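The block underneath contains the structure these notes are about, expressed in structure tokens.
Computed from the coordinates by the stated procedures, all read-outs in this text should not be read as laboratory data. Just so it is clear, the model here is predicted, and its values are computed rather than measured. Note that we place each Cβ from the backbone using ideal geometry, even for glycine, and neighbour counts take in every protein chain shown.
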Amino acid sequence: MAIEFQPRIVGFLCNWCSYAGADMAGTSRITYPTNIRIIRVPCSGRVDPLLIVKSFQMGADGVLIAGCHPGDCHYTEGNYYARRRFALLKPFLDYLGIESARFRVEWVSASEGKRWSQVVTSFTNDLTKLGPRKALAPEATR
Amino acid sequence: MSKYISKKDLNSWLNKVRDNRRLVAPTKVDDLILFKEISRVEDIVSDYVNTDLSPKEFLFPPTEVLFSIEKKNGGVELTPARVEKETVIFGMRPCDAKGVVALDKPFLEDPTDPLYKEHRDKTALVGISCLKACAECFCSSMGSGPDDPSGFDIMLTEVKDGYLVQVLTEKGKALLPDSTLSESGEAKPKAAEVATVPAKDVNVKLRQNFEDPYWNRLADRCIHCNMCSYVCPTCYCFDIRDYPNKGKTDRVRSWESCQSAGFTKIAGGHDPRANKGTRMRQRFAHKLLYFPEQFGVSHCIGCGRCVKSCPVNIDIREIIQDVQKLGAKGE
Amino acid sequence: MSNNKNPLLPHLATLENVIDLTPDVRLFQIELNDADFKAKFDYKPGQFIFVSAFGTGESPFGLTSVAHRKGPIEVAVRKVGTVTSSMHDLEPGAAVGVRGPFGNFFPMDQFKGKNIHIIGGGIGFAPLRPIILTILDHRNDYGDLFILNGARTPSDLVFANEFDTWAAAPKTRLELTVDAKDDNWTGRVALIPAVVKELQLSPANSVAIICGPPIMIKFTLTELKKLGFADEQIVTTLEGKMKCGLGKCARCNVGDKYVCKDGPVFTFKQISGLLEQF
Amino acid sequence: MNETEQIRSKAKELLDSKKVDCVIGYERATDEKNARPMFAYNAKDADRLIFDQTCRHNLVRYLLNRKDKVTGIVVKACDSRAVNLLINEHQIARDKLFIIGVACPGLVKTDWNKPGDKLRDACQLCQQRTPVIYDVLIGEAKKVEPPADAYPDVAAMEGKSVEEKRAFWEKEFSRCIRCYACRQACPGCYCSECFVDRLDPLWVGIRIAPGENEMWNTIRAYHLGGRCIGCYACELVCPVNIPLSLLNRKLEKEVMKLFKFQPGLDPETPQPLATFQKDEKLGVAE
């Protein structure tokens, strides 16, 4: 039985909303695919493009950023800056050959446990269809 | 009478070399001419004065694993890297052969660097003498010459539809046995006319005028990229660091340049050469003073690559002339 | 020089013990694994080794132990960078790598019969400790021993646990100083150059050995010159960014001298002849 | 009087009157055909100043090393946008500058010892030949009607398939030798410690290898998103001819589309990524 492709997703979750949302999905026994590796960040505005590109370079098949809905940000403007930053990064990554479908930004509040599991499930399915991403080999080619 | 090989025989010889060794030769990459591993002998270019980058990367690669570190049954096991393949670098110019001779000095001096030594032992250098020179060549002023064979295993000189052959070392003889060569009475063509840059006692002048503000003025213009050290066939400074690699750890050696900002910064932040002028002086002091006095061989081989590629035209020929005039009365 | 056939390949060793000297300095006691290399491994005061923290890299450290005591190899490591931080995470028993010994050494023979002044600042004191241990183990070969150990705060003084033995040694005087005192510090509060000036050290039949941050070396040098010390009577050990220890990677040169091969020990007569500032 | 004479006389006037400590301009390079940057500290130096269509370097980068001194500087149209960028980012003070603006005739695609006469692709697409900030303006540029499509090369790239894009950039980035000339030549790249020099965390290792090369080229370009003023100094200095402007201009196009902003037009307007509007719709997480 061929090993079925399991996409590896790196998820940056803002501590105040999305992380709490994912927590709530857990406490209310809502299941979602385990392909996602969650990294807790203080705010979606903390996520530096370096983190995203480094994740892809180290072999991630997809990167998900989850933060508070605009207006709910614990630091009032973190997700506003993040929104602009990722609006510019998304087409740029696509331009470099990292399909924009591999990079998703979602606003998930602390009470949206259900929605969180739907986001992860749909993202995992999309990536399974897309197939693995061939990261550039780190060692020298010379 | 001298040995001769026709172009046809040379091509079949190159095909034979490519079959059982790694053949590296100049080929066109977009609008650059670079040494690359050759799969089709037809890709080798012949109408070039010199390659844009030197063959240094095949003896002292930009990035190389020195050894790998593996945690095994409680202890640690070190496995030094080995050079498996034999290589023939074809189409080198005499100045690059001098570059390799200069590169040998620090690496082969006791205690020898075994990895470099293995690269060197397993690589044959086959050169073609220069019939044309570019405006920036000044090899004859730096102890080399357009038809100087020293440093090569084999040197070819192009004549009508073939090459005169000088086999200089045992390695060359093994690669190209006399049986495949014929005789020719063809006269050796005149070597290329090369510009001269008088460089007599430039090291003495440099030492005498070491604190001259000339270097700060020169550094005004320099943007301190690492290009001159990377395109230079004889620059050999390196950096070493460990990298995780699928469960093991690799100790990796990579090119480094005295022009990069943190080159001499030590833990705790002290940096004896933070000032740009001192970094500029370090490059030319090492090239024209320290290395020649330490190893007795010029560290600049006059290939002109740094002159061509420097974005702000820091020209070592101009600097050699300026340094000789430093401290002159009435300057 | 390192005597294995691959000069960049470290010798495997084990971290026997780790002793906290100050909040950010740890003394690492290392035992070489290979028995006969260990037997042949001889080093002199002033020499240094490269220690590998596998997974991060390797860095040069001055040897702070003496070979003739046949104990483990000791280096004092201040946590400042990536390699030193990885070393501070190591537990006793961990595998490390050792390359060396490298560099020249303090001319102990020329020090014989002379009064020795040892002036060390912060972690700079560590490479000077081998001189003290050698003198104490061969006390009659040397004249008076004066030790000045300075640091930013009292808890930054290295080898504090050995001060009593040093102070009690014959013909030996120990002075300590700090830049800023804490509440239970009763000793001297002054910069090292000021202490050198205050104590009016005598240059007669003397040698002064300085090591510490470059700024401290610079000002201590001027004080010593004022007291009449000649350039060849003052010795120091320089620091440089090093990657090989063999004069191959061309990084630690000061002018046309390599700190790793022609140094790290230089007299000030040699240093004033150097082309570049260190 | 052509540009060269006007620049020389203005430079001498500034230097003799001690209004500036030095004038940064161009002089003839040692191949006798191209121009190279030069620092004139006195009237004698000023006689070597020239201006022609090979003066392609962006000299504004040098101002970052002379923040405390008053400096005269020769700027073309694109370079002048870099002055606005650095003033906007509080790196240089306007009163420390005497800007000699030169109406740009468009630069030629030139190489060492091989000057060309064909306009550079960048200059063919350039919509603005007059400097946007200057103390004195030399020459006066003819009106340039904007080309129909300002980003033909970017559009061609966007049209490619994912595999083609992947293969293209992998081939280009594999040539990179990480000499960082692009960073050193760029007026917008002045971080005291660049992310590639960081050891802890080690974002980009010292290995000159595809993985690290891709990280470097991607993040370098992105850090100039909404800041790159399109002077092509980076592409110009790259020793292995990586088409860096293809990266910068993609971001330039997206910034114009998303935020209607062109960097460097004036020193006051905040850059797009340094500000926001609460209820803007950017197609992210909608």
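The residue list D:P270, D:T130, D:L49 was ranked by how far each Cα lies along the charge dipole of chain D toward its positive end, using unit charges on Cβ atoms, and D:L49 comes out on top.
Please report the antiparallel percentage of DSSP beta bridges with both residues in the protein assembly as shown, rounded to the nearest 5.
Working: 82 of 144 bridges.
About 55 percent, rounded to the nearest 5.
Suppose R0 equals 25 Å. What FRET efficiency, 1/(1 + (r/R0)^6) with r the Cβ-Cβ distance, do D:D200 and C:D20 give to the nearest 0.05? With a Förster radius of 25 Å, E is 0.65. Pairs exceeding 27 Å between alpha-carbon atoms, taken from C:K79/C:K261; A:K54/D:K278; D:K114/D:K250; D:K114/D:K257: A:K54/D:K278; D:K114/D:K250; D:K114/D:K257. What separates the Cα centres of region D:78-95 and region B:189-218 is a distance of 38 Å. Here D:L64 and C:N205 are evaluated by their C-beta separation; at R0 = 56 Å the FRET efficiency comes out at 0.55. Note that region A:97-112 has calculated 3J(HN,Hα) couplings of x, 9, 3, 5, 5, 8, 10, 10, 10, 9, 9, 10, 8, 5, 9, 9 Hz, one per residue in order, obtained from phi through the Karplus relation 6.51 cos²θ - 1.76 cosθ + 1.60 (θ = phi - 60°); glycine and proline are x. For chain A, a Gaussian network of Cα nodes joined below 10 Å ranks A:R85, A:R37, A:R29 by mean-square fluctuation, and the top entry is A:R29.
Farthest towards the positive end of the charge dipole of chain B, among the residues B:V312, B:L23, B:P272, is the Cα of B:P272, using unit charges on the Cβ of Lys, Arg, Asp and Glu.
What size of dipole, in debye to the nearest 20, comes out for chain D about its Cα centre when the only charges are +1 on Lys and Arg C-beta atoms and -1 on Asp and Glu C-beta atoms? Spell out each step's value before the answer.
Values: 44 positive and 41 negative charges, 66 e Å.
Dipole size: approximately 320 debye.
Counting Lys and Arg as +1 and Asp and Glu as -1, each charge on the Cβ, what is the dipole of region D:1-75 about the Cα centre in debye, to the nearest 20? It would help to have the intermediate numbers written out before the result.
Details: 15 positive and 12 negative charges, 59 e Å.
Its charge dipole is roughly 280 debye.
Ranked from largest, the principal axis spans of the Cα set of region D:3-138 equal 38, 34, 24 Å.
Distances between placed amide hydrogens fall under 5 Å for C:F106 paired with C:G46, C:Q47, all partners being 5 or more residues away or on another chain. Mean separation of Cα pairs under 8 Å and 6 or more residues apart, divided by the residue count, gives region C:108-237 a relative contact order of 28 percent. In terms of its alpha-carbon gyration tensor, region C:11-102 comes out prolate; a/c meets the 1.5 threshold, and the first ratio a/b outweighs b/c.
Backbone amide hydrogens, once placed in the peptide plane, bring B:K28 within less than 5 Å of B:V45, excluding anything fewer than 5 places away on its chain. Beyond 20 Å in Cα-Cα separation lie the following of the pairs B:K205/B:K287; B:K98/D:K33; B:K200/B:K325: B:K98/D:K33. Spatially, region C:146-164 and region A:52-99 are offset by 52 Å when compared through their Cα centroids. With neighbour counts taken as other beta-carbon atoms within 10 Å, the residues D:D31, A:D72 rank, fewest first, as A:D72, D:D31. For the listed peptides D:136-145, C:181-190, a ranking on the average number of other beta carbons within 10 Å per residue, highest first, reads D:136-145, C:181-190.
Within a straight-line Cα-Cα reach of under 18 Å, B:K71 can be paired with the following lysines, leaving aside sequence neighbours fewer than 8 residues apart in one chain: B:K246, B:K248. Seen through its C-alpha gyration tensor, with square-root eigenvalues sorted a ≥ b ≥ c, region D:185-286 comes out prolate because a/c lies at 1.5 or above while a/b is bigger than b/c. Let me know the shape class of chain A, please: from the alpha-carbon gyration tensor, a ≥ b ≥ c as square roots of the eigenvalues, rounded when a/c is under 1.5, otherwise prolate if a/b is greater than b/c, or oblate. Oblate, since a/c reaches 1.5 and b/c is not below a/b. Using a Gaussian network model of chain D with C-alpha springs under 10 Å, which one of D:N65, D:N88, D:N213 is most mobile by mean-square fluctuation? Its mean-square fluctuation being the largest, the pick is D:N65. Taking a straight Cα-Cα cut-off under 18 Å and skipping sequence neighbours fewer than 8 places away in the same chain, the lysines within cross-link reach of D:K76 are D:K10, D:K109, D:K142, D:K143. The Cα-based radius of gyration of the protein assembly as shown, divided by its Kirkwood radius, gives an Rg/Rh of 0.98. Partner shielding of B:60-71 amounts to 4, given as the average count of beta-carbon atoms from other chains within 10 Å of each residue beta-carbon. A straight Cα-to-Cα reach below 29 Å connects C:K226 with the lysines C:K112, C:K114, C:K171, C:K181, C:K197, C:K218, C:K257, C:K269, residues fewer than 8 places away in its own chain not being considered. Within the listed set B:N50, B:N73, B:N216, the residue fluctuating most in the Gaussian network model of chain B (springs between alpha-carbon atoms under 10 angstrom) is B:N73.
For the peptide B:260-266, the mean number of other protein chain Cβ atoms found within 10 angstrom of a residue's Cβ is 5. Couplings 3J(HN,Hα) of region B:180-192, computed from phi: 7, 9, 10, 9, 8, x, 3, 6, 6, x, 5, 6, 5 Hz, in residue order, whole Hz [Karplus 6.51 cos²θ - 1.76 cosθ + 1.60, θ = phi - 60°; x for Gly and Pro]. In this model, which of B:K171/D:K171; B:K265/C:K44; B:K16/B:K132 are farther than 31 Å apart at the alpha-carbon? From B:K171/D:K171; B:K265/C:K44; B:K16/B:K132, over 31 Å: B:K171/D:K171. In the frame of its principal axes, region C:120-265 has Cα extents of 47, 37, 31 Å, reported largest first. Phi angles across region D:245-253 convert, under the Karplus curve 6.51 cos²θ - 1.76 cosθ + 1.60 with θ = phi - 60°, into 3J(HN,Hα) values of 5, 4, 6, 4, 6, 5, 5, 4, 5 Hz, Gly and Pro given as x.
The modelled label-to-label distance between B:K200 and B:K188, using points 7 Å beyond Cα along the C-beta direction, is 2.6 nm. Rg and Dmax, both from the Cα atoms of chain D and both in Å, are 19.7, 64. As a ratio to 2.2 N^0.38 Å, the alpha-carbon radius of gyration for chain C is 0.97.
Peptide B:238-251 has a mean shielding of 6, counted as Cβ atoms of other protein chains within 10 Å of each residue's Cβ. Within chain B, all pairs of alpha-carbon atoms sorted by distance into 10 Å bins from zero give the percentages 5, 23, 30, 24, 13, 5, 1, 0.
About the Cα centre, and with charges only on the beta carbon of Lys, Arg (+1) and Asp, Glu (-1), how big is the dipole of region C:1-150? Nearest 20 debye, please.
340 debye
Pairs of Cα atoms nearer than 8 Å and 6+ residues apart set the relative contact order; for chain C it is 17 percent.
In terms of overall dimensions, the C-alpha atoms belonging to region B:202-325 reach 58, 33, 30 Å along their principal axes, ordered largest to smallest.
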